[in-house]
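A quick write-up on the structure given underneath.
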């Protein structure tokens, strides 16, 4: 019985964190759709890239929505992956579009009025550490719920 209650609690926690909209700026919100760890990333023309030894890629899929009546600029470089184990901040390495084929995208993103865009934020992170949080400006946002699923 306790195992069932625990799994329901975990499901509720993970759903509430990932369905939650976070504020980027006035009239701009974002949501974390998925977090995963990869040992390689496809970059096109049947080419793959690999992180340096002892590291992995952490990919965070986000949806950004512009609720304003004018085009907004977003600097994706403001999303920083935190490592509480050794107290380091990992900057964004690469941005890709999302979909069946992931294309390279710009770090500076323009979103038209009342539109939504999805992006893959890619970081290089130590292999033996589980990422738990990102920092946006001064706010720390938990991404650990991915590992509870």
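Only the coordinates and a few stated rules stand behind these numbers; no lab work does. Quick caveat, the model's predicted, so the values are computed rather than measured. Because the Cβ atoms are built from the backbone with ideal geometry, glycine has one as well, and the counts that use them run over all protein chains shown.
A compact table of results
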| quantity | calculated |
| --- | --- |
| Segment residue 124-residue 22, length gained on full extension (0.36 nm per residue, minus Cα span) | 34.4 nm |
| Burial ranking of peptide ranges 91-103, 114-126, 40-52 (average Cβ count within 10 Å, highest at the top) | 114-126, 91-103, 40-52 |
| Near-label residues of the stretch 96-139 by backbone N, under 16 Å of a point 7 Å along Cα→Cβ of residue 48 | 102 |
| Computed E for residue 115/residue 85 - FRET, C-beta separation, R0 41 angstrom, nearest 0.05 | 0.60 |
| Cβ crowding within 10 Å averaged over residues, with 104-111, 24-31 ranked highest first | 24-31, 104-111 |
